[in-house]
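The values are calculated or read from the model by the stated rules, or taken from the named source; none is laboratory data. Quick caveat, the model's predicted, so the values are computed rather than measured. Using ideal geometry, Cβ is built from the backbone for each residue, glycine included, and neighbour counts are taken over all protein chains shown.
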Amino acid sequence: MANTSGTDPGLRDQVDGPLSARPFRWFFIGRVVSVLGSSMTPVALAFAVLEATSSPAYLGFVLAAAMLPEIVFVIIGGSVADRWRRDVLLRITNVGAGLSQACVAFCVLTKQDPLFLIILALVNGTLQAFISPAMQGIVPQLVDSANIQKANSMLSASRNAARILGPSAAGVLVAVAGGGWAIALDAASFLIAAACLTRVVLPAKAKSTSANLLRDLREGWTYFSSTPWIWSITLAFMFLNAIQMGVWQVLGPSIASTTIGATGWGLVASVKAAGLVIASLAMIKIAVRRPLLIGLIAMSATAIPLVLLGTGSNLILLATATFVSGLGSALFGIVWDTVRQRNIPNTMISRVTSYDDFGSYVAIPVGQLAVVPIASATGMPQVAILGGIAYFVIALLPLTLHSVRSLTATGAS
């Protein structure tokens with residue numbers, strides 16, 4: 001029988017886990033280096049922009065310039081990732097990201113016009129729109145089905161550990177040598193990742209039967225919109241992400257300044273990161289029979305810190321709840337990636353997940369912008385409490401569908 005999955009036959013029967021497959025091993029090394037470098041950039045770039053412009057608003061423009069093309073082009077990126085060999089696409093985009101970040105570092109170190117940072121942010125955001133869908137599709141091509149959750153757990157653990165180590169390392173570099181050098185390390189990390197990917201060679205793709213990109217996009221949309229367990233969760237996360245980013249990221253620091261203080265808020269953020277790492281490591285060993293049922297229940301725990309934030313809870317209680325929400329967020333993220341990679345045909349997965357990504361993230365700017373005027377009219381604590389209640393209800397709504405709550409780890413309902 002022909003191999004239609006896109007997985008190299010030599011990668012099957014990995015009884016010793018995903019790292020026993022040499023292609024995944026090189027992919028994983030490159031990914032670890034890349035996420036560690038990328039985790040340093042937000043801190044370094046923030047201080048560099050503020051030093052150059054003394055304007056928080058300008059920093060907002062730079063961050064928006066990176067996010068906007070990623071949202072706009074991610075669906076096209078999904079179609080391209082399904083047409084091309086994903087190993088080749090990831091090499092090209094990682095080299096492109098490395099060169100663009102090197103230009104950012106040059107602009108920061110030589111104090112060029114900050115306008116160049118906005119232009120380069122647009123370039124970086126566009127490249128990320130092609131990297132993300134390819135990442136979703138390549139994992140099931142590098143490991144067998146039994147090891148997909150382990151692979152996703154390892155990738156999640158490294159990503160979340162980098163979120164702890166990266167900002168701290170960036171802070172030291174900014175203080176000692178300046179933000180430009182931290183961004184230069186990020187540029188180098190992308191190039192190292194591209195070099196690692198040269199050791200990952202996938203089978204040649206069958207020639208696409210589709211005549212044009214628009215037809216590919218329609219095929220992806222048809223699959224996405226006709227699969228309730230996918231679109232229902234995407235729709236839920238459109239609202240969940242808007243609530244989370246609006247209440248926690250925008251209002252959170254202001255509320256915390258009058259309750260647990262800046263130091264307490266930093267501790268809460270660190271505790272959540274610890275929860276993300278611990279759950280990611282645990283999921284390497286834990287098998288979940290009903291992944292979406294358990295995952296959404298776990299994800300609903302994110303509502304608790306929002307409510308506690310609004311009620312002015314003490315530091316210990318808020319930190320504990322945030323730690324639990326970190327556990328739940330990591331668990332859901334891993335099972336969600338795994339379920340999609342096991343159940344969506346590999347020839348279509350990048351397109352389908354790109355629609356999921358677009359729907360999940362498109363409302364984030366709305367949440368970030370709308371939460372301030374709403375809080376001005378009703379009060380920040382009230383918005384946090386109501387946001388937490390809404391988050392809990394919306395997180396569990398997809399479970400009203402039989403296909404969501406009954407989907408098993410192997411895809412049978």
Q) On the given criteria, is Asn160 in contact with a Pro (Cβ under 6 Å, 6 or more places away or on another chain), over 20 Å from Thr347 (Cβ atoms) and part of a helix (DSSP H, G or I)? A) no
Q | Subset of region 47-70 (residues that are in contact (Cβ under 8 Å) with a residue 40 or more places away in the chain and over 11 Å from Leu122 (Cα atoms)) | A | Phe47, Ala48, Val49, Glu51, Ala52, Thr53, Tyr58
Q: May I ask you to list the residues in region 154-175 that are more than 15 Å from Val108 (Cα to Cα) and either without any contact (Cβ under 8 Å) to a residue 40 or more places away in the chain or among the charged types (D, E, K, R) (or both)?
A: Arg159, Arg163, Ser168, Val172
Q: Please enumerate the residues belonging to region 127-175 that are of a type in the set (Gly, Ala, Ser) and surrounded by fewer than 22 Cβ atoms within 10 Å (Cβ to Cβ).
A: Ser132, Ser145, Ala146, Ser158, Ala161, Ser168, Ala169, Gly171, Ala175
Q. In this structure, is Phe116 of a type outside the set (A, V, I, L, M), in contact with a Cys (Cβ under 7 Å, 6 or more places away or on another chain) and in the same structural domain as Pro69 (by TED's automatic domain parsing)?
A. yes
Q. Of all residues in region 50-99, which are surrounded by fewer than 17 Cβ atoms within 10 Å (Cβ to Cβ), part of a helix (DSSP H, G or I) and polar (S, T, N, Q)?
A. Thr53
Q. From the list Ser376, Ser403, Ser350, Ser325, which one is under 30 Å from Ala204 (Cα atoms) and hydroxyl-bearing (Ser, Thr, Tyr)?
A. Ser350
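Each row is one residue, and each column tells you yes or no for (1) outside any helix (DSSP H, G or I); (2) surrounded by fewer than 22 Cβ atoms within 10 Å (Cβ to Cβ); (3) modelled with pLDDT of 95 or more; (4) not assigned by TED's automatic domain parsing to the domain that holds Leu399.
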residue: Thr222; (1), (2), (3), (4): no, yes, yes, no
residue: Trp229; (1), (2), (3), (4): no, yes, yes, no
residue: Leu235; (1), (2), (3), (4): no, yes, yes, no
residue: Leu240; (1), (2), (3), (4): no, no, yes, no
residue: Ile243; (1), (2), (3), (4): no, no, yes, no
residue: Gly246; (1), (2), (3), (4): no, no, no, no
residue: Pro253; (1), (2), (3), (4): no, yes, no, no
residue: Gly264; (1), (2), (3), (4): no, yes, no, no
residue: Ala269; (1), (2), (3), (4): no, yes, no, no
